[in-house]
Amino acid sequence: METPLLAPSILAADHSRLADGVAEAEKAGAKWIHIDIMDGHFVPNMSFGPQTVADLRKKSDLFFDTHLMLDNPREHVDAFLEAGSDQVSIHVEPDYDINGLLAHIRSKGAKAGIVFNPGTPASEVKPYLDQVDLVLAMTVQPGYGGQSFQESVMEKTSQLDKWREEESLNFRIQVDGGINLDTAKICQKSGVDTFVAGTAFFKSEDKVRFLNTIEERL
Ligand code: DX5
Ligand code: ZN
């Protein structure tokens, strides 16, 4: 099991002052910030581009956990690496050379993650487990913040945890979507060590407590 970590998602911050959202996360003690990139094709919504990441990079030393929700990640990955992402996670569902792209991300000195949607079986990410630093199990259908956590995904995180143990691998297991203090507790029992939280974190009145509870210091 990796040390528990919270990655606040700036999708839930005020988009007219994103740097303040990053600073709020940092002030609460976060080490990571989750940055959702949406193309309006792979998911119905649109969010940020590489310039947003580059500009935030000038204002923060947090670990930039970039989640690409793109039909064609190969076409855009370099822009997000050059913008200063510390980790780039790519979805398993679109049709492209996944092995090649994971290796490419690592060759640029960044960490690489593989992501799968609630409807995608865990067997789809199994071939990549020895090539990634993180596996992200989506606990909502990606596209929007503020949706309800899908508990059925816990079967898959438990399976990932089992494979990680059996094969002595050390990728992180991350969840994203509908994470609050109650749903995080459920995840903690199912092998999850890395938690993305947008709405619940930014709405929380005591962000330090929220972070410390998730990172198991309380
Ligand atoms: C969903 C995004 C999430 C989103 C989570 O498409 O990938 O990262 O910010 O938001 P909440 O925590 O509000 O469900
Ligand atoms: Zn995300």
Inset, instruction - Among the lysines, select those whose C-alpha is under 20 Å from the C-alpha of Lys162, and discard any that sit fewer than 8 residues away in the same chain. - result: Lys126, Lys185, Lys189
Legend entry - Unit charges on C-beta of K, R, D, E only; dipole of the range 80-218, Debye: 300
Inset, instruction - Answer with one residue from His67, Leu18, Gln87: the one whose Cα lies farthest towards the positive end of the charge dipole of the chain, charges on Cβ with Lys, Arg +1 and Asp, Glu -1. - result: Leu18
Inset, instruction - Give the range of the longest stretch in the chain that excludes all trypsin sites (Lys or Arg not before Pro) found in loop regions by DSSP and having at most 12 other beta-carbon atoms within 10 Å. - result: 59-188
Inset, instruction - For an R0 of 35 angstrom, estimate the FRET efficiency from the Cβ-Cβ distance between Asp95 and Glu205 and round to the nearest 0.05. - result: 0.20
Inset, instruction - Determine the calculated [θ] at 222 nm for the chain from helices alone, applying -39500 (n - 2.57) to every DSSP H run no shorter than 4 residues and normalising by the residue count; nearest 500 deg cm²/dmol. - result: -9500 deg cm²/dmol
Legend entry - Stretch gain in nm, segment Lys189-Glu75, where the contour uses 0.36 nm per residue and the Cα spacing is subtracted: 37.3 nm
Legend entry - Separation of the Lys126 and Glu26 label points, Cα + 7 Å toward Cβ, nm: 4.3
Inset, instruction - Out of all DSSP beta bridges with both ends in the chain, state the antiparallel percent to the nearest 5. - result: 5
Inset, instruction - Any aspartates and glutamates with Cα under 12 Å of the Lys156 Cα? List them, leaving off those in the same chain fewer than 8 positions away. - result: Glu124
Legend entry - Gap separating the Cα centres of the range 1-37 and the range 75-132, nearest whole Å: 21
Legend entry - Extended-chain gain in nm, criterion 0.36 nm per residue less alpha-carbon gap, Gln141 and Gln51: 29.8 nm
Inset, instruction - Return the long-range amide H neighbours of Arg172 (sequence gap of 5 or more, or a different chain), with a cut-off of under 5 Å between placed amide H atoms. - result: Leu134, Val135
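Bear in mind that the values in this text are calculations on the coordinates, not laboratory data. Just so you know, these numbers come straight off a predicted model, no measurement behind them. FYI the Cβ positions are ideal-geometry reconstructions off the backbone, even for glycines, and counts take in every protein chain you see.
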